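What follows draws every value from the coordinates through simple rules; no lab data is involved. What you see is a predicted model, and the numbers here were worked out from it, not measured in a lab. All Cβ positions, even for glycine, are placed from backbone atoms using ideal geometry, and neighbour counts span all protein chains on display.
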């Protein structure tokens, strides 16, 4: 299983200092380290109880998150409190989970471990960071033709979450988004709204499927 390393930005000010397009893939903030956790079994070993995904990551109570927004907008969502981000992503806790993404033109499997502390329980923040960071990566080379309208729509509506920004600031945001061109998220053809995680059928209980839906920002395509 491949793993992606995700480095966390500490403050919004630090994030805004780096204005290169690459900075727009910064993951969720972590102002405090997660509390120490009790050691737990390998994800490949049977557990004494049925694994349950954290309620905030489950389809019934999924956080309202548009994964296509830049990371500063994504992480400003008031639902993403530090306390929530530090909670284990599932019960019983696991040291590693696998997340399958299959939407539009894109399919992938992501390995998730605790950021900076492998072997500790994967948290809600770890899961959201790895998924959003992976989908916000640049689509280097020639992207699929079918993804182009979604790239243009994503860029055109990028300021919708922050109406109080001045015209100059909004123009700067659009310019930064355009500088990178297409992103992997565009391959999902508008299916960018987080709709929860479910157990992947026929796989061990630490293997999950990402559910997605189309948010209002893509409804006019």
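Shape of segment 69-168 from its Cα gyration tensor (a ≥ b ≥ c, root eigenvalues): rounded if a/c is under 1.5, otherwise prolate when a/b > b/c, or oblate? Oblate.
For residue 220 and residue 175, a Förster radius of 30 Å and the Cβ-Cβ distance give a FRET efficiency of 0.85, rounded to the nearest 0.05. Working from label points 7 Å from Cα in the Cα-to-Cβ sense, the residue 167 to residue 109 distance is 5.2 nm. Among 140, 152, the ranking by other beta carbons within 10 Å of each residue's beta carbon, starting with the fewest, stands as 140, 152. Sorting the segments 77-89, 177-189 by their mean number of nearby beta carbons within 10 angstrom, highest to lowest, gives 177-189, 77-89.
Each of 146, 139 was scored by other Cβ atoms within 10 Å of its Cβ. Arranged with the fewest first, they read 146, 139.
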